[in-house]
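Remarks on the structure that follows.
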Amino acid sequence: MLADIMSDEVQVAVWDRPDPLSPQLVAQACDERIAIKSWLPVADLDAALNRSLPGDHYQPLRDDLFLLADMTACLFGVEEVGLRVMALTKPMCPRFHVDRIPVRLLCTYGGPGSEWLPGNVVPAGLLTPGEDQYGRVAAEQVAQLATGQVALFKGDTWRDNPGSGVVHRSPSLSPGQQRLLVTLDI
Ligand SMILES: [Fe+2]
């Protein structure tokens with residue numbers, strides 16, 4: 001449950017749900033190389049989404065973005081949310097890292113979801129710049145979000161959270177594989 005993120009001991013909260021978008025719409029968004037980056041005023045979400053993402057065919061995507069943005073704003077009591085929507089054909093951040101933000105909502109449509117490490121399996125020194133991460137973490141210790149699932153990942157600047165943000169990375173993609181990634185920042 002996403003609201004669990006408010007607990008100090010919780011670093012990852014997941015809402016398990018099926019992918020709300022059809023494979024056809026995801027493929028179309030990827031073919032059109034959809035790339036959105038904008039701060040949306042929550043009071044005027046509908047109009048802002050229509051401006052950022054025009055086109056009748058994107059209505060199901062706008063509906064889901066509305067839901068996620070509205071939920072995020074309610075949960076954290078903010079009046080603006082930072083939306084990014086990206087069609088990806090290769091990993092954006094293939095190295096394990098922690099985000100220097102308070103918290104981020106993530107959802108992948110139509111492709112493999114983000115990978116993360118439970119706090120107790122992060123090997124010492126893994127995040128040291130220049131460190132060769134290859135082979136440092138066993139594949140079975142890497143948790144992965146499923147397509148459509150919504151997650152909140154705490155970062156390094158969440159309240160009194162320094163040093164304990166979620167260690168995560170982009171999933172690798174096989175040739176021809178695509179994913180449509182949405183993130184929301186506060
Ligand atoms: Fe990240």
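From helices alone, the chain scores -6000 deg cm²/dmol at 222 nm; the rule is -39500 (n - 2.57) for each run of n ≥ 4 DSSP H residues, then divide by the residue total.
About its Cα centre, the chain has a charge dipole of approximately 540 debye under the convention of +1 per Lys or Arg Cβ and -1 per Asp or Glu Cβ, with nothing else charged. The order of C74, C30 by accessible area, most exposed first and with a 1.4 Å probe, is C74, C30.
Here S172 sits with roughly 90 square angstrom of accessible surface, probe radius 1.4 Å. The trypsin sites (Lys or Arg not before Pro) found in segment 2-81 that occupy coil by DSSP, while having at most 10 further C-beta atoms within 10 Å, are R33. Evaluating 6.51 cos²θ - 1.76 cosθ + 1.60 at θ = phi - 60° for every residue in segment 98-112, the Karplus couplings come out as 10, 7, 8, 9, x, 7, 9, 8, 10, 8, 10, 9, x, x, x Hz, glycine and proline recorded as x. For segment 48-144, which GluC sites (Glu not before Pro) pass both filters: DSSP loop (anything but H, G, I, E, B) and at most 13 other C-beta atoms within 10 Å? Qualifying residues, ordered by number: E79, E131.
For segment 29-49, the residues whose amide N sits under 14 Å from a probe point set 7 Å from the Cα of R84 along the beta carbon direction are 35-39. Rolling a 1.4 angstrom probe over the protein heavy atoms with all chains in place gives the chain an accessible area of 51 Å² per residue.
Long hydrophobic helices in the chain: the complete DSSP H runs spanning 24 Å or more by Cα along their own axis with mean Kyte-Doolittle hydropathy of at least 0.5 are 59-76. For T157, the residues 5 or more places off, or on other chains, whose built amide H falls under 5 Å of its own are I101. If you roll a 1.4 angstrom probe over the protein chains with everything in place, what fraction of the accessible area of the chain belongs to carbon and sulfur, to the nearest %? Taking all protein chains in place, the chain shows 53 percent carbon and sulfur surface.
The values are calculated or read from the model by the stated rules, or taken from the named source; none is laboratory data. Only a predicted model underlies this, so the values are computations on that prediction, with no experimental measurement involved. As a convention, Cβ positions derive from the backbone with ideal geometry for all residues, glycine included, and neighbour counts pool all protein chains shown. We work out accessible area using only protein heavy atoms, side chains counted, and drop any ligands, DNA or RNA first. Shrake-Rupley method; radii C 1.70, N 1.55, O 1.52, S 1.80 Å.
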